[in-house]
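Report on one structure; see the data block that follows.
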Amino acid sequence: MDIKTKYLGLELKNPIVPSASPLTEDKDVAKALEDAGAAALVVHSLFEEQITSDTEELDHFLSFGTESFAEATSYFPEPTEFKLGPEEYLNHIATLKDTVEIPVIGSINGVSAGGWVKYAKEIEEAGADALELNIYYVPTSTELTGEEVENMYVETLKAVKENLEIPVAVKLGPFFSSMANMAKKLDDAGADALVLFNRFYQPDFDLENLEVIPNIQLSSNWELRLPLRWIAILYGKVKADLAATSGVQSHTDVLKVMMAGGKVAMIASELLRKGPGRISEILDDLKLWMEEHEYESIEQMQGSLSMRSVANPAAFERANYMKTLNSFRQPLI
Amino acid sequence: MERKKITIDGNEAAARVAFKLSEVIAIYPITPSSPMGEASDAWSAEGKKNIWGTVPSVTEMQSEGGASGAVHGSLQAGALTTTFTASQGLLLMIPNMHKIAGELTPTVFHVSARSLAAQALSIFGDHSDVMQVRPTGFGLMASGSVQEVHDLAAITHKASLESRVPFVHFFDGFRTSHEIQKIEELTDDDLKELIDDSYVHAHRERAMNPDKPVLRGSSQNPDVYFQGRETVNKYYNAAPEIVQKAMDKFAEITGRHYHLFDYYGAPDAKRVVILMGSGTETAEETVAYMTEKMEEKVGVIKVRLYRPFSAKHLLEALPKTVEKIAVLDRTKEPGSLGEPLYLDVQSAVIEAMTSENPPFEKTPIIVGGRYGLSSKEFTPAMVKAVFDNLKQDHPKNHFTVGIYDDVTFTSLDFDKNFIIEDEQATKCMFYGLGSDGTVGANKNSIKIIGGETDNYTQGYFVYDSKKSGSTTVSHLRFGKNPIKSTYLVQQADFVGCHQFVLLENFDVLGNIKEGGTFLLNSPYPKDEVWDKLPKKVQQQIIDKKLDFYVIDAYKVAKDTGMGARINTIMQTCFFAISGILEKDEAIAKIKNAIEKTYGKKGEEIVRKNFNAVDQSLANLYKIDYGNEVTSQIELPPVVSPKAPEFVKDVLAELIAGRGDDVPVSKMPEDGTFPTGTAMWEKRNVALEVPVWEPDLCIQCNKCVIACPHAAIRAKVYDEEYTKNAPETFKWMPARGKKDAGKVYTIQVAVEDCTGCSLCVEVCPAKDKTNPSRKSINMAPQIPLREKERENFEFFLNLPEYDRTQIKIDSVAESQLLQPLFEFSGACPGCGETPYVKLVSQLFGDRAVIANATGCSSIYGGNLPTTPWTFNKEGRGPTWNNSLFEDNAEFGLGMRLAIDRETEYARELLSELKDEIGAELVEAILTAPQVTETDIKEQRERVEQLNDKLKTLSNPRAKELLTVSSYLVKRSVWIMGGDGWAYDIGYGGLDHVLASGKNVNILVLDTEVYSNTGGQQSKATGLGAVAKFAAAGRPLPKKDLGRMAMTYGNVYVAQIAMGASDIQSLRAIIEAEHYDGPSIIIAYSHCIAHGYDLAKGFEQQKLAVDSGYWPLYRYNPENIKKGKNPLKLDYKGPKIPLEDYIYNETRYKMLTKANPERAKKLLADAQEHVNEMWKIYSHMASMDYSHFLEKQEDNN
């Protein structure tokens, strides 16, 4: 049985790829992921904003209160160098490359135009096999049009692509007026893959203290529906490979992603809950299922339930909405 | 050979050489020598090598006594060893110094000479400390400038190795240790050529070695000790020549030729001044002027080698024509015939004149005088006054110069207008706040000018003694000639005022010369600025025809993302208009310096600074002013006219920066000062202050307990008082049945607030419609100042709540107690002062306080004013600071005295029972004195007693009157930081805990030596970066509380007000009530932790929630009740440690400097925290019921 797949031009031994998460921050965990069967690794994101704010914070607090008082003209020893910015991340990529044999995909979340390109280039130089652009952007300005936002995505991608030789994936959120058109624009701009979808961390409220608090929830299984639908819609309409992320928890989820047209199913929350060993369980279940259902290869099923291939394409459109509502109502009657 | 020129300060000049010529360095922080240890520690951590190619090891000890012990051991075991110290630190080394010298062991101690604590402590420079080590057998070598420090350090190391005489190499604290000069750097090759390795090998050969065992440190008896003592003579006899040869060798290498005594002046001088240290530079400058411009026959002898004292060399150096000599000592020995150098010179000359070959035809007249104590300015005018004195037929002897002594009339008059600064040099002064980066920018400018031009440079910086809103004055000189003016700038070509408000507080233009340039950072547009200047300043600008430039640096900083940092902007303006460098060249150099300074902190920081440079020029304006003074703005009085006479007469002069003019007669004779003076020093340092919104207030008083400066107060009082309230004064109905019908006010002292906003952070009351609005919110201070000043005064005059009616163990009610510690100079948001203030509220009116040296002694007792104050009855804490190392013992001594005097009073009381009346005597003797009511009643009884005693003729009654006040219970508090409690004072603290006496020890634990700039102590947490722990501390902090618990009879509490104010409050009360030793370890967030201290209380909570800072109370009283004495007031680790520690730069910076090590230390620290919880929870769950059974059995 052949469960290989091809993603970003890379030959992968199976379609399960741990997505960017704290799991890959530790090289031992990364190794465990590989041992459990992960086909590639997406490294946690390098946040340009974090680098900038760390730099500013360090500069501020190392100099705060200095040269004010004769007995204490400073409060900290100053090392001759700091590893402020991407060095640590880049070293980590290099370490991972030394630790695992599977492809290592870097990930970056930039802010400034210069930052995206600079750090992307450095990640490439550090040895990453591919790069994922994690475009996390919440347009809160009432003056910013949808088109401007879309252009920002496209321009960022173009700038990075121009400077990089390794393949580039774009991880994006679903909140576009015309998702398909957006995907097409990115495809035209040279995206080698689209990773659907970024989960925007949505803050919560603390009612006791009347505060807005950051609150990260692991994904749940139902969240897979959205990427699944859009992969199925986009399959065959874009050249870029498609990958699903959010809500993948079991072999059936992986199968669904494949049948929708995905090249890989990315997984994180499930691994954070159950540990790296979960991959081997899913792979075993996957193979068993394929055996039972007499599938020969993953390739065979990829896109089989996409909008292009499915018997009732309207299921992905409005009719599907109608049907869903009806199916929901029925039990009540 | 052309050597590299470097621009460094005296400490670095010494440390560079010491590091290169040592293998082991043992250190301990003390001002002003700490930077030598810090630099050595950093170099060692970086792997820098000495001239033999190995990295010296640097070890911090628990005290200077410990450091000298380690030095002694290291020397004995064969390593080339050094240390750095000053002042009391050097005193603690004396016992070992006798040993080291007695054993003829070569070493050099580098000392930035500093005053000793006598009537008061002083961190500043003089020779009081080094004079104390004259009898130790150490040689003494004096340097007068930064170059000399560098050079003589090397010469001294060589001379010590060759002579086997150990040496102290000293230079003046601050004046030289902190003065920045451009000097020629000694290379490794220079040092290798200088040092003869055979002497190094000989030193190792003498080391203790089990392969050829010896015994040193024997005990000798009357038969031979004396002879043994005399064996060293030949080494001391030979030493001066060895030193001179080392100087000669040094001259061969570098071309700079020193002598044991260097003479400068007229070859046929009749009047000569002899002195050592930085004053020699000013003396030389003055002699040059007097001989060249005034044709006077004068000269100066600069003493380099003071011990062993070579009379021969001194006499050779003196011109044969000398008739009169003035010897200047920078120290004081009360009761002596004269100060040491004077006596030495007298002896040398008189011995020679009575010898067979007298060196002079006629015995010169020799007088001695004191100058420059505690870095008192020593100017050419003073040098001239000394020479003028020598013109007299009978020159004044035992004089002082630089002060006005109107009591014993020792002082020489001097002409302040005698100014001889090099006219070719550019002299600049900059007034700024510590927080605005003025000093840093100036240090940078000096380096640019020193490094990029052939100018000589000098920078010296004056800081005030406050830690919040402190003012800095920078004094810079640049010029083609070497700069020998070791005194402040007297006539400035350029004055920069980086804060508009300072125009009101200081005579900023007092020293600018006619036609000079004045740069002002002004918040007002260029068209309005002239009219906003005070009248006096306008007049000065017109009279002196100044070039006047302004920039709104804060606006430029804001626009360029620099926040509130204006250093780069003001520096750019300085270069743009001072003409020291060509403008474009200067800008390029600044950018280059920015790259160097900030490059390691990331590109963004560099970019912002570049942008700020460019924008500065675009916003710099020259102001055209007419000839008219248009301003009506008069300078406000320094203190209120309502202030007490002493405050107006003396302290106000200090506040205004005119302390140098205070005569001797105005100073207290024995170091005794009134308390309650900080209230008169209205500093107005906050840009924003809290404003109370009664509509939201729940009267919890958390803002009041949290305020580090007692600048936010609560009162409950009868509503009728509001009738005369000022228009904007606020109040609301008081909550609670007890206060029904009364009203409640929160009042802010806006002129005393430092704007830390801790109160806003702790305020729990939020507006339900707009949660960003709380019951306390920050607002700009200036618009509120006038009204709130009036409101605060009205508030202070409202009656205090009756102490006997307050439930003191409630946070809200306790905060109605008047704070007797207010408006200190501590950092904004200080984590220590809320505890200190709380103690003052609870027990201040009967507190006797022993305060260890450190932050708390500085914000508590540094002139001009003190935050310790008194209540309407005139009662309040009485406070004293002895030393750093002995505070627990100092406090115990107070307890012993109080106990003794109390017992004596009780004995007398019993003795006079019949005359006084049995009932009163009995009531006094049996009074419980626990609650406020008890205390109040006892005070009334003692008053009654005193009245009665005054009517009795029995002399024993008079005797009782002198001690009757002891019959009211006193509360002894021993306070200090962790450097004292965990390290230097631990031995004493331990002993005091073991004494069983009723003392209360409050450890303000900031986990570093905060006052000296954040060196690690044994309280520093695992993984934290601190000075002397540049690589991150690898070991957990000492568990002082658990160690104290082992005694079983000590009350121990660990508290963190931000995590639980009620637990802090209860612990402090329980500790005070416990009739035995108590220790409270209080988590004190600190500027040295590196985060916004407004979040201090939040961090304290995280420290507790992570399990890092266990909250507990160990009360031995419970043992008697069969209960476990340990009560945990926390629930173990609830959050990961990293959620707490990585909010702080001290921990986080390690993740940026050494991520791998940071990771390991974090894991170790987390494990330790988990382990601590296991230990504590186990201890707290132990069964103590058998103690009860035992007690019952005994009964």
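Got a sec? Which of B:Ser435, B:Ser374, B:Ser355, B:Ser411 is within 30 Å of the chain's Cα centre (by Cα) and surrounded by fewer than 20 Cβ atoms within 10 Å (Cβ to Cβ)? Spell out the reasoning first.
Values: B:Ser435 fails: surrounded by fewer than 20 Cβ atoms within 10 Å (Cβ to Cβ); B:Ser355 fails: within 30 Å of the chain's Cα centre (by Cα); B:Ser411 fails: surrounded by fewer than 20 Cβ atoms within 10 Å (Cβ to Cβ).
Criteria check complete, one pass: B:Ser374.
Look through B:Leu989, B:Leu1022, B:Leu1035, B:Leu1002 and report the one residue that is more than 14 Å from chain A (Cβ to nearest Cβ) and free of Cβ contacts under 8 Å to residues at least 40 places away in the same chain. Full working, then the answer.
Numbers: B:Leu989 fails: free of Cβ contacts under 8 Å to residues at least 40 places away in the same chain; B:Leu1022 fails: free of Cβ contacts under 8 Å to residues at least 40 places away in the same chain; B:Leu1002 fails: free of Cβ contacts under 8 Å to residues at least 40 places away in the same chain.
Matching residue, one of B:Leu989, B:Leu1022, B:Leu1035, B:Leu1002: B:Leu1035.
In segment B:956-991, which residue that is of a type in the set (S, T, N, Q) and crowded, with 19+ Cβ neighbours inside 10 Å is nearest to B:Val921 (Cα to Cα)? First the steps, then the outcome.
Just the residues of segment B:956-991 that are of a type in the set (S, T, N, Q), to begin with: B:962, B:964-965, B:971.
Within this subset, residues satisfying the condition of being crowded, with 19+ Cβ neighbours inside 10 Å are B:964, B:971.
Numbers: B:Ser964: 12, B:Ser971: 22 Å.
It comes out as B:Ser964.
Determine whether segment B:603-610 contains at least one residue that is touching a Phe, Trp or Tyr at 6+ places or on another chain (Cβ under 7 Å) and either farther than 30 Å from B:Ile577 by Cβ or not assigned by TED's automatic domain parsing to the domain that holds B:Met570 (or both).
Here is the first cut: in segment B:603-610, the ones touching a Phe, Trp or Tyr at 6+ places or on another chain (Cβ under 7 Å) are B:605-606, B:609.
The next check asks that each one be either farther than 30 Å from B:Ile577 by Cβ or not assigned by TED's automatic domain parsing to the domain that holds B:Met570 (or both); those that pass are none.
No, because not a single residue in segment B:603-610 is touching a Phe, Trp or Tyr at 6+ places or on another chain (Cβ under 7 Å) and either farther than 30 Å from B:Ile577 by Cβ or not assigned by TED's automatic domain parsing to the domain that holds B:Met570 (or both).
For segment B:342-374, how many residues are part of a helix (DSSP H, G or I) and free of Cβ contacts under 8 Å to residues at least 60 places away in the same chain?
Residues meeting the conditions: 11.
When the residues of segment B:297-318 are filtered to those that are outside any strand (DSSP E or B) and basic (Lys, Arg), which remaining residue is nearest to the chain's Cα centre (by Cα)? Break it down stepwise before answering.
Within segment B:297-318, the first condition is being outside any strand (DSSP E or B), and the residues that meet it are B:297, B:304, B:308-318.
Subset that is basic (Lys, Arg): B:297, B:304, B:312.
Numbers: B:Lys297: 43, B:Arg304: 29, B:Lys312: 41 Å.
Restricting to residues being outside any strand (DSSP E or B) and basic (Lys, Arg), the top hit is B:Arg304.
Considering B:Thr282, B:Thr321, which residue is outside any helix (DSSP H, G or I) and modelled with pLDDT of 95 or more?
Values: B:Thr282 fails: outside any helix (DSSP H, G or I).
Going through B:Thr282, B:Thr321 in turn, just one is outside any helix (DSSP H, G or I) and modelled with pLDDT of 95 or more: B:Thr321.
Checking A:Glu48 against (1) surrounded by fewer than 19 Cβ atoms within 10 Å (Cβ to Cβ); (2) among the charged types (D, E, K, R); (3) closer than 30 Å to B:Val606 by Cβ, only one condition comes out false. Which one?
(1)
Search segment B:713-737 for residues being small (Gly, Ala, Ser) and under 44 Å from the mean Cα position of the chain (by Cα), and hand back the single one that is nearest to B:Ala749 (Cα to Cα).
Step by step, filter segment B:713-737, then rank; the result is B:Ala714.
This table checks each residue for (1) at pLDDT 90 or above; (2) of a type in the set (Ser, Thr, Tyr).
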| position | (1), (2) |
| --- | --- |
| A:Glu48 | no, no |
| A:Ser53 | no, yes |
| A:Leu58 | no, no |
| A:Ser74 | yes, yes |
| A:Gly85 | no, no |
| A:Lys118 | no, no |
| A:Lys121 | yes, no |
| A:Leu131 | yes, no |
| A:Ile135 | no, no |
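What pairs come out if I take residues in segment B:135-150 that are on the phi > 0 side of the Ramachandran plot and pair them with residues that are assigned to a loop (DSSP other than H, G, I, E, B) and β-branched (Val, Ile, Thr) whose C-beta lies under 9 Å away, six or more apart or interchain?
B:Gly137/B:Val165; B:Gly137/B:Val232
Identify, please: which residue in segment A:64-107 is assigned to a strand (DSSP E or B) and hydrophobic (A, V, I, L, M, F, W, C) and is, among those, nearest to the other protein chains (Cβ to nearest Cβ)? I'd like the intermediate steps shown before the answer.
Quick first cut of segment A:64-107, residues assigned to a strand (DSSP E or B) only: A:69, A:72, A:104-107.
Applying the additional criterion that residues be hydrophobic (A, V, I, L, M, F, W, C) yields A:69, A:72, A:104-105.
Details: A:Phe69: 5, A:Ala72: 4, A:Val104: 19, A:Ile105: 22 Å.
Among those that are assigned to a strand (DSSP E or B) and hydrophobic (A, V, I, L, M, F, W, C), it is A:Ala72.
Conditions tested, residue by residue: (1) under 29 Å from B:Thr453 (Cα atoms); (2) buried (at least 24 other Cβ atoms within 10 Å of the Cβ); (3) under 24 Å from the mean Cα position of the chain (by Cα); (4) not hydrophobic (A, V, I, L, M, F, W, C).
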| residue | (1), (2), (3), (4) |
| --- | --- |
| B:Gly10 | yes, yes, yes, yes |
| B:Pro35 | yes, yes, yes, yes |
| B:Ile51 | no, no, no, no |
| B:Met61 | no, no, yes, no |
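Tell me which residues, restricted to segment A:276-294, are free of Cβ contacts under 8 Å to residues at least 40 places away in the same chain, loosely packed, with under 12 Cβ neighbours inside 10 Å and outside any loop (DSSP other than H, G, I, E, B). Walk me through it before giving the result.
Applying the first criterion (free of Cβ contacts under 8 Å to residues at least 40 places away in the same chain) to segment A:276-294 yields A:281, A:284-285, A:288-289, A:292-294.
Of the ones still in play, those that are also loosely packed, with under 12 Cβ neighbours inside 10 Å are A:288, A:292-294.
Across segment A:276-294, the qualifying residues are A:Leu288, A:Glu292.
So, in segment B:814-852, of the ones that are among the charged types (D, E, K, R) and in contact (Cβ under 8 Å) with a residue 60 or more places away in the chain, which residue ends up surrounded by the fewest Cβ atoms within 10 Å (Cβ to Cβ)?
Looking only at segment B:814-852, we keep the residues that are among the charged types (D, E, K, R), and these are B:822, B:832, B:837, B:845-846.
Add one more test, that the residue is in contact (Cβ under 8 Å) with a residue 60 or more places away in the chain, and what stays is B:822, B:832, B:837, B:846.
Values: B:Glu822: 23, B:Glu832: 28, B:Lys837: 25, B:Arg846: 18.
Residue satisfying both the conditions and the ranking: B:Arg846.
Conditions (1) assigned by TED's automatic domain parsing to the domain that holds B:Ala441; (2) touching a helix residue (DSSP H, G or I) at 6+ places or on another chain (Cβ under 6 Å); (3) of a type outside the set (Lys, Arg); (4) closer than 30 Å to B:His498 by Cβ, marked per residue:
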{"residue": "B:Val367", "(1), (2), (3), (4)": "no, no, yes, no"}
{"residue": "B:Ala381", "(1), (2), (3), (4)": "no, no, yes, yes"}
{"residue": "B:Asn389", "(1), (2), (3), (4)": "no, no, yes, no"}
{"residue": "B:His394", "(1), (2), (3), (4)": "no, no, yes, no"}
{"residue": "B:Val401", "(1), (2), (3), (4)": "no, yes, yes, no"}
{"residue": "B:Asp406", "(1), (2), (3), (4)": "no, yes, yes, no"}
{"residue": "B:Asn417", "(1), (2), (3), (4)": "no, no, yes, yes"}
{"residue": "B:Glu421", "(1), (2), (3), (4)": "no, no, yes, yes"}
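Residue by residue, here is whether (1) of a type in the set (Val, Ile, Thr); (2) assigned to a loop (DSSP other than H, G, I, E, B); (3) under 26 Å from B:Leu509 (Cβ atoms) holds:
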{"position": "B:Asp624", "(1), (2), (3)": "no, yes, yes"}
{"position": "B:Ile633", "(1), (2), (3)": "yes, yes, yes"}
{"position": "B:Pro636", "(1), (2), (3)": "no, yes, yes"}
{"position": "B:Phe646", "(1), (2), (3)": "no, no, no"}
{"position": "B:Val650", "(1), (2), (3)": "yes, no, yes"}
{"position": "B:Glu653", "(1), (2), (3)": "no, no, yes"}
{"position": "B:Asp660", "(1), (2), (3)": "no, no, yes"}
{"position": "B:Ser665", "(1), (2), (3)": "no, no, no"}
{"position": "B:Asp670", "(1), (2), (3)": "no, yes, no"}
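All but one of (1) assigned to a helix (DSSP H, G or I); (2) within 18 Å of A:Pro174 (Cβ to Cβ); (3) modelled with pLDDT under 95 hold for A:Lys256, so report the exception by its number.
Looking at each condition in turn, A:Lys256 falls short on (3).
If a residue has to be within 14 Å of chain A (Cβ to nearest Cβ) and outside any loop (DSSP other than H, G, I, E, B) to count, how many in segment B:1113-1140 make the cut?
Residues flagged as within 14 Å of chain A (Cβ to nearest Cβ) and outside any loop (DSSP other than H, G, I, E, B) within segment B:1113-1140 amount to 2.
I'd like the full set of residues that are more than 7 Å from chain B (Cβ to nearest Cβ) and over 29 Å from the mean Cα position of the chain (by Cα), limited to segment A:27-62.
Within segment A:27-62, A:His60 is the sole residue that qualifies.
Residues that are touching a Ser or Thr at 6+ places or on another chain (Cβ under 7 Å) and within 14 Å of another protein chain (Cβ to nearest Cβ): which strands (runs of 3 or more DSSP E) entirely in segment B:55-160 hold 1 or more of them?
Working: elements: B:57-60, B:81-85, B:108-113, B:139-143.
Counting at least 1 such residues, we get B:57-60, B:108-113.
Take the residues in segment B:25-54 that are among the polar types (S, T, N, Q) and part of a loop (DSSP other than H, G, I, E, B), then tell me which one is nearest to B:Gly1014 (Cα to Cα). Break it down into steps so the answer makes sense when it comes.
So the first thing to find is which residues in segment B:25-54 are among the polar types (S, T, N, Q), and the list is B:31, B:33-34, B:40, B:44, B:50, B:54.
Subsequent filtering for residues that are part of a loop (DSSP other than H, G, I, E, B) retains B:31, B:33, B:50, B:54.
On the way: B:Thr31: 12, B:Ser33: 14, B:Asn50: 26, B:Thr54: 28 Å.
So the residue we want is B:Thr31.
Only one of these is crowded, with 23+ Cβ neighbours inside 10 Å and in contact with a Phe, Trp or Tyr (Cβ under 8 Å, 6 or more places away or on another chain): B:Gly1090, B:Gly1132, B:Gly1122. Name it. Please lay out each step first, then the result.
On the way: B:Gly1132 fails: crowded, with 23+ Cβ neighbours inside 10 Å; B:Gly1122 fails: crowded, with 23+ Cβ neighbours inside 10 Å.
Selected residue: B:Gly1090, the only one of B:Gly1090, B:Gly1132, B:Gly1122 that is crowded, with 23+ Cβ neighbours inside 10 Å and in contact with a Phe, Trp or Tyr (Cβ under 8 Å, 6 or more places away or on another chain).
Of all residues in segment B:766-806 being in contact (Cβ under 8 Å) with a residue 60 or more places away in the chain and within 14 Å of chain A (Cβ to nearest Cβ), which is surrounded by the most Cβ atoms within 10 Å (Cβ to Cβ)?
Top of the filtered list is B:Ser775.
If B:Thr1012 passes every condition in (1) in contact with a strand residue (DSSP E or B) (Cβ under 8 Å, 6 or more places away or on another chain); (2) away from chain A (no Cβ under 14 Å) but one, which one does it miss?
The one condition B:Thr1012 does not meet is (2).
Just to be sure I understand the filter: pairs with C-beta atoms under 9 Å, separated by 6 or more residues or on different chains, first member in segment B:560-577 and within 13 Å of another protein chain (Cβ to nearest Cβ) and buried (at least 24 other Cβ atoms within 10 Å of the Cβ), second member in a loop (DSSP other than H, G, I, E, B) and among the aliphatic types (A, V, I, L, M). Which pairs pass?
That search, which allows pairs on different chains as well, returns B:Thr568/B:Met562.
The values are calculated or read from the model by the stated rules, or taken from the named source; none is laboratory data. Predicted model only: the values in this text are computed from it and were never measured. Virtual Cβ from ideal backbone geometry, glycine too; neighbours counted across all protein chains shown.
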